[in-house]
């Protein structure tokens, strides 16, 4: 069976959930082979987890040069690896880095690229949900091999344990790969909460929160539900919450099992980023707010009363 | 410093958007077409750099005749001139083919810096800066929330999932910007009047030395097989809080097994 290359995303010695989704999807297309990029020694910590989800092979690309530059070296290594193993498909996460590597790869190989797919069938047909969730597109690569980036929370990760064979990969880099140097990496707000785009529960706050201080209500409910915190553009523009947590057209697209919108009216700009969530719950004082048009359950009321009461009720049931 | 800003005309993301049933491209007749919102931030950043460092700001787009409207909109903010790659054979081009055309146009302009919005609101693909950089062999610094220029060195602060990183490269380079980088100016009346007279050069595929079969549907590397409208979400239960709204909410979450 032909290999399906999966580019691994990892952080702090842990494989990201999106990679487990990719491995699960890869098993329907061929034999999953995980490609790990990282500093020397970084692959060893990931081998167990990758094997648990079916990575029969691991290509370990480990060098300090990789972490010191932006994505260009990774695309160079992948292009070389693809030439060597002739995979059935190449899958990456639809993250900024995943898409950027894939974009470079597409040019290097003169190969089609399908981004933000929610599924990739064995015949290479991808499913994409576009225009703020209003349209479903089926598309195919017409030149080259299926090269796709998968939107987070599209596939339920299912274990299928194997013992991976680990092969080190060394690819010489050219000067063109080293044009963008990373001089500093700053970790902010790295708490115990799951990452916004990967979380199965997202609790978001909007203009209705009224202040940065009040966002602790959103954080409290998120923590009780084991979720991530998001914010509408109105809330981030008002400085209530940092921009990187913005959900919507100009921010993150999320597709969790549960999306809770607190004090968010549901303007199209926001809906574009959360419309494909499985279950949507909203609390808003305006009964006419458009968010209620998509909410599976909506409470018209004062969020400063409803949310603390809900938090208390969850604690009671725990 | 000579700067080229990439702009794109897109259907208004606030309105209903559709794909054409005949060829699965964006239906530009039914949509309200606007300058991609993120591009205004790229234009603003270019103008700020021009104010500080001098040089020329050129707007570049590829698109049908009506994309000229987006060029004018961008020129109203203050850039000096524009280049419009216009050719009937471009219709249906994929991202890979588009990057080939834009890279060829950029070669003729030979800028020190290319600025772009981090994404377009229609495709939201975010790959164009890296595709172009790959073709031109220049640096791509994407998703900037802050850009500083010191001689021939660019430093960019970019948001990451876990915080931010600081990256640096020498010019020539391409930088894409998010809407956190600045506050775009509104065109002044003077700017709007002046934009009507600014030069817009039209380039065809022949001008760029690209054969029609390398672009459009013929030269594209991916195809849309079909598209269907997704049924709109149905509104569910809506209750008005009469003192137990929070409890009712948790009861709903419990029936859905979230608590």
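Side notes on the structure shown:
- The selection criterion, being part of a strand (DSSP E or B) and under 30 Å from residue A:117 (Cβ atoms), does not hold for residue A:241.
- Members of the range A:294-318 found to be at pLDDT below 95 and closer than 22 Å to residue A:249 by Cβ, listed by number: A:294
- Residue within the range B:143-155 that is within 19 Å of the chain's Cα centre (by Cα), assigned to a loop (DSSP other than H, G, I, E, B) and touching a residue at least 40 places away in the same chain (Cβ under 8 Å) present: no
- For the range B:171-259, the helices (runs of 4 or more DSSP H) that sit wholly inside it and include 1 or more residues that are farther than 30 Å from residue B:145 by Cβ and more than 10 Å from chain A (Cβ to nearest Cβ) are B:189-195, B:205-208, B:216-219.
- Contact map, the range A:295-318: first residue more than 7 Å from chain B (Cβ to nearest Cβ), second residue in a strand (DSSP E or B) and surrounded by fewer than 23 Cβ atoms within 10 Å (Cβ to Cβ), Cβ cut-off under 8 Å, separation 6 or more or different chains; the map is empty.
- Of all the numbered requirements in (1) at the interface with chain B (Cβ under 8 Å from one of its Cβ atoms); (2) buried (at least 23 other Cβ atoms within 10 Å of the Cβ); (3) closer than 30 Å to residue B:119 by Cβ, residue A:270 misses one, and that requirement is (1).
- Scope the range A:30-53; condition part of a loop (DSSP other than H, G, I, E, B), surrounded by 22 or more Cβ atoms within 10 Å (Cβ to Cβ) and in contact with a strand residue (DSSP E or B) (Cβ under 7 Å, 6 or more places away or on another chain); matching residues: A:43
- Checking A:103, A:98 one by one, the residue that is within 11 Å of chain B (Cβ to nearest Cβ), in contact with a strand residue (DSSP E or B) (Cβ under 6 Å, 6 or more places away or on another chain) and outside any strand (DSSP E or B) is A:98 and no other.
- Just one residue in the set B:102, B:90 is buried (at least 21 other Cβ atoms within 10 Å of the Cβ), within 14 Å of chain A (Cβ to nearest Cβ) and touching a residue at least 40 places away in the same chain (Cβ under 8 Å); that residue is B:102.
- One residue alone among A:20, A:81, A:70 is within 20 Å of the chain's Cα centre (by Cα) and modelled with pLDDT of 95 or more, and that residue is A:20.
- Of the residues making up the range A:106-115, those that are more than 7 Å from chain B (Cβ to nearest Cβ) and within 17 Å of the chain's Cα centre (by Cα) number 0.
- Options B:212, B:187: the member that is surrounded by 15 or more Cβ atoms within 10 Å (Cβ to Cβ), within 30 Å of residue B:20 (Cβ to Cβ) and either over 21 Å from the mean Cα position of the chain (by Cα) or in contact (Cβ under 8 Å) with a residue 40 or more places away in the chain (or both): B:212
- Here residue A:259 does not fit the description of being over 17 Å from residue B:246 (Cα atoms) and in contact with a strand residue (DSSP E or B) (Cβ under 8 Å, 6 or more places away or on another chain).
- On inspection, residue B:137 passes the criterion of being on the phi > 0 side of the Ramachandran plot and facing chain A (nearest Cβ under 8 Å).
- Cβ-Cβ distances below 6 Å connect the following pairs, each with a first residue in the range B:32-45 that is without any contact (Cβ under 8 Å) to a residue 40 or more places away in the chain, a second residue that is part of a helix (DSSP H, G or I) and surrounded by fewer than 24 Cβ atoms within 10 Å (Cβ to Cβ), and a separation of six or more residues or different chains: B:35/B:70; B:35/B:73.
- Test result for residue B:165, more than 20 Å from the chain's Cα centre (by Cα) and surrounded by 18 or more Cβ atoms within 10 Å (Cβ to Cβ): yes
- Taking the criterion of being surrounded by fewer than 18 Cβ atoms within 10 Å (Cβ to Cβ) and in contact with a strand residue (DSSP E or B) (Cβ under 7 Å, 6 or more places away or on another chain), the residues of the range B:123-154 that qualify are B:146, B:148, B:152, B:153.
- Only a single item in (1) within 28 Å of residue A:116 (Cβ to Cβ); (2) surrounded by fewer than 24 Cβ atoms within 10 Å (Cβ to Cβ); (3) modelled with pLDDT of 95 or more is not met by residue B:33, and it is number (3).
- Of all residues making up the range B:74-115, the number that are touching a helix residue (DSSP H, G or I) at 6+ places or on another chain (Cβ under 8 Å) and either on the phi > 0 side of the Ramachandran plot or in a helix (DSSP H, G or I) (or both): 22
Residue by residue, here is whether (1) surrounded by 16 or more Cβ atoms within 10 Å (Cβ to Cβ); (2) out of contact with any strand residue (DSSP E or B) (no Cβ under 9 Å at 6 or more places or on another chain) holds:
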residue: B:203; (1), (2): yes, no
residue: B:206; (1), (2): no, yes
residue: B:216; (1), (2): yes, yes
residue: B:225; (1), (2): no, no
residue: B:237; (1), (2): no, no
residue: B:258; (1), (2): yes, no
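- The set of residues in the range B:146-170 being modelled with pLDDT of 95 or more, within 8 Å of another protein chain (Cβ to nearest Cβ) and more than 19 Å from residue A:73 (Cα to Cα) consists of B:155 alone.
Every residue, every condition in (1) surrounded by fewer than 21 Cβ atoms within 10 Å (Cβ to Cβ); (2) facing chain B (nearest Cβ under 7 Å); (3) assigned to a strand (DSSP E or B), yes or no:
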site	(1), (2), (3)
A:254	no, no, no
A:260	no, no, yes
A:264	no, no, no
A:280	no, no, yes
A:286	yes, no, no
A:292	no, yes, no
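The values are calculated or read from the model by the stated rules, or taken from the named source; none is laboratory data. Predicted, not measured: the structure shown is a model, and the values here were computed from it. Reconstructed Cβ throughout: ideal geometry from the backbone, glycine too, with neighbour counts over all protein chains shown.
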